[in-house]
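Some notes on the structure that comes next.
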Amino acid sequence: MISQDGIVDIAEYCPSPNFDERPSNAVIDLIVIHAISLPSGCYNTRLIKDLFLNCLDPGEDQYLGSIKDLKVSSHFLITRKGLLIQFVPTDKRAWHAGISTYKGRDNCNDFSIGIELEGCDEEEFEQQQYHSLSRLINFLCIDLQINKQNIVGHSDIAPGRKTDPGPFFDWTLLQSIL
Ligand SMILES: [Zn+2]
């Protein structure tokens, strides 16, 4: 269930400061699926959390150093083990999509829910991630009345700029278990 304040009760809640209000007339009708791993190809949920909480310590890693000051977030993250973490209430605007367009509408953050899967472009996702994702999507579609056809990848709304969730994300499998 999703509570009045936009928190899903099956998620671990880790509030991120990186959000703001949606436009007053916004209707949430899109789910955007992403993939993230920090550093790329390494599975370390703590670093993803730290990025979304603005406390990423880059250490010696150049890539982490280049992103540590980004102000980004997503509503949800699903770890390799299928654990669901929520960072931003569903009614607020998370900062996940960037410059983006869906069916002629810009700024997809205004009207979407962002879900990050821990993963990368070079590797398959875990079965438990698909199960956790389908459970979450079912919650969201019921509670927010989002059409199950309106599920896209980040690469669909920011082509040429973003490649996630990448070629190994199994859209057919997801549709089959929704
Ligand atoms: Zn993305």
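What follows is calculated from the coordinates using simple rules that are stated; it is not laboratory data. Values in this document were obtained by computation on a predicted structure and should not be read as measured data. Cβ coordinates were reconstructed from backbone atoms using ideal geometry, including for glycine residues, and neighbour counts include every protein chain displayed.
Some notes on this structure:
- The single condition among (1) more than 16 Å from the ligand (Cβ to nearest atom); (2) without any contact (Cβ under 8 Å) to a residue 12 or more places away in the chain; (3) within 16 Å of the chain's Cα centre (by Cα) that residue 107 does not meet is (1).
- Residue under evaluation residue 47, criteria (1) among the aliphatic types (A, V, I, L, M); (2) crowded, with 17+ Cβ neighbours inside 10 Å; (3) in contact with a Phe, Trp or Tyr (Cβ under 7 Å, 6 or more places away or on another chain), criterion not met: (3)
- Region 73-115, subset basic (Lys, Arg) and surrounded by fewer than 20 Cβ atoms within 10 Å (Cβ to Cβ), residue nearest to residue 54 (Cα to Cα): 92
- Checking each residue in region 20-38 for being within 16 Å of the ligand (Cβ to nearest atom) and touching a Phe, Trp or Tyr at 6+ places or on another chain (Cβ under 9 Å) picks out 30, 32, 33, 35, 37, 38.
- For region 76-178, the helices (runs of 4 or more DSSP H) that sit wholly inside it and include 3 or more residues that are closer than 26 Å to residue 23 by Cβ are 127-143, 154-157.
- Residue count for region 16-42, restricted to those that are under 20 Å from residue 97 (Cβ atoms), part of a loop (DSSP other than H, G, I, E, B) and touching a residue at least 24 places away in the same chain (Cβ under 8 Å): 12
- Out of 133, 70, sole residue that is within 16 Å of residue 166 (Cβ to Cβ) and either within 15 Å of the ligand (Cβ to nearest atom) or within 10 Å of the chain's Cα centre (by Cα) (or both): 133
- Counted residues, region 114-126 - those being more than 16 Å from the ligand (Cβ to nearest atom) and either under 15 Å from the mean Cα position of the chain (by Cα) or free of Cβ contacts under 8 Å to residues at least 40 places away in the same chain (or both): 0
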